[in-house]
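To keep things clear, I will list the structure first and then write my remarks on it.
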Amino acid sequence: MQRIRIGLNRFLGLVLTTLLCVSTPGCWAGGGVPPELLKVWQAYRQAVVAGDSDQVAALSRFPIASNDFGGVISSPAVLRARFKKIFRPEIVACFADAELRQETGFPGYLVVCEDALAFGFEQHNGKYRFSYIDNANAE
C-alpha cells in the first residue's frame with residue numbers, strides 16, 4: 001500500500017506540474033529560460049528588429065566572442081561598425097520568431113539562425129547579456 005501511495009503521489013505531482021505549465025504562457029516555449037533572461041531577450045530582439053545598434057550594444061558583454069564577422073567584437077564601436085553585416089535581413093527575420101534554448105556544447109542560452117549561426121547569451125555578475133556568435137560554417 002505504501003508503494004502505491006508513493007507512486008500515486010509522484011504521478012499526481014507530474015499531472016499538477018503539467019497542468020501548471022500548460023496554463024502558464026511560454027512555459028514550454030521558454031524551455032525553462034530564466035525570467036530575467038527572457039526580459040533581456042525581448043529587449044534585444046526588439047533592438048535587432050528595429051536596427052538599434054546602440055541598444056544591442058547596451059545588452060551585450062564585451063568582448064563578444066565571434067568566429068565570424070571579422071572575429072572578436074571588442075567594443076560597442078566595433079559592434080556598431082559590423083552591425084549591418086551581422087544582422088542581415090535574414091537574421092532579423094529569424095530573430096522575429098526565434099526562441100532561446102540551451103544546447104549541449106554551448107554556454108548559456110542561444111538563438112540559432114540559418115541552422116548554423118548561434119547567438120549566445122550568458123550570465124555574468126548576475127546579469128544576462130549577449131556574449132558570443134558561433135558560426136558552424138565559418139572557416
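Consider the stretch 82-99. How many of its residues are surrounded by 14 or more Cβ atoms within 10 Å (Cβ to Cβ) and among the small types (Gly, Ala, Ser)?
Going through the stretch 82-99 one residue at a time, the tally reaches 1.
Restricting to the stretch 113-139, name every residue that is assigned to a strand (DSSP E or B), open to solvent by 50 Å² or more (accessible area, probe 1.4 Å) and of a type in the set (S, T, N, Q).
Of everything in the stretch 113-139, just one residue is assigned to a strand (DSSP E or B), open to solvent by 50 Å² or more (accessible area, probe 1.4 Å) and of a type in the set (S, T, N, Q), namely GLN123.
Of the conditions (1) surrounded by fewer than 15 Cβ atoms within 10 Å (Cβ to Cβ); (2) farther than 19 Å from ASN125 by Cα, SER53 satisfies every one except a single condition; which number is it?
(1)
For the stretch 57-99, how many residues are closer than 15 Å to ALA47 by Cβ and assigned to a loop (DSSP other than H, G, I, E, B)?
Adding up the residues that qualify gives 3.
Which residue, of SER53, SER74, is out of contact with any strand residue (DSSP E or B) (no Cβ under 9 Å at 6 or more places or on another chain), at pLDDT 95 or above and closer than 15 Å to ILE133 by Cβ?
SER53
Residues ALA96, ALA118: which one is modelled with pLDDT of 95 or more and out of contact with any His (no Cβ under 7 Å at 6 or more places or on another chain)?
ALA118
Of the conditions (1) open to solvent by less than 80 Å² (accessible area, probe 1.4 Å); (2) farther than 18 Å from ALA136 by Cβ; (3) at pLDDT 95 or above, GLN46 clears all except one; give me its number.
Just one mismatch for GLN46, condition (1).
Just name the residue that is farthest from the chain's Cα centre (by Cα) out of those in the stretch 100-112 that are over 20 Å from PRO63 (Cβ atoms) and buried (at least 18 other Cβ atoms within 10 Å of the Cβ).
Within the stretch 100-112, the match that is farthest from the chain's Cα centre (by Cα) is VAL112.
The values are calculated or read from the model by the stated rules, or taken from the named source; none is laboratory data. Fair warning: this is a prediction, and the values are worked out from it, not measured in the lab. Using ideal geometry, Cβ is built from the backbone for each residue, glycine included, and neighbour counts are taken over all protein chains shown. All accessible areas refer to the heavy atoms of the entire protein, side chains included, with ligands and DNA or RNA removed. Shrake-Rupley method; radii C 1.70, N 1.55, O 1.52, S 1.80 Å.
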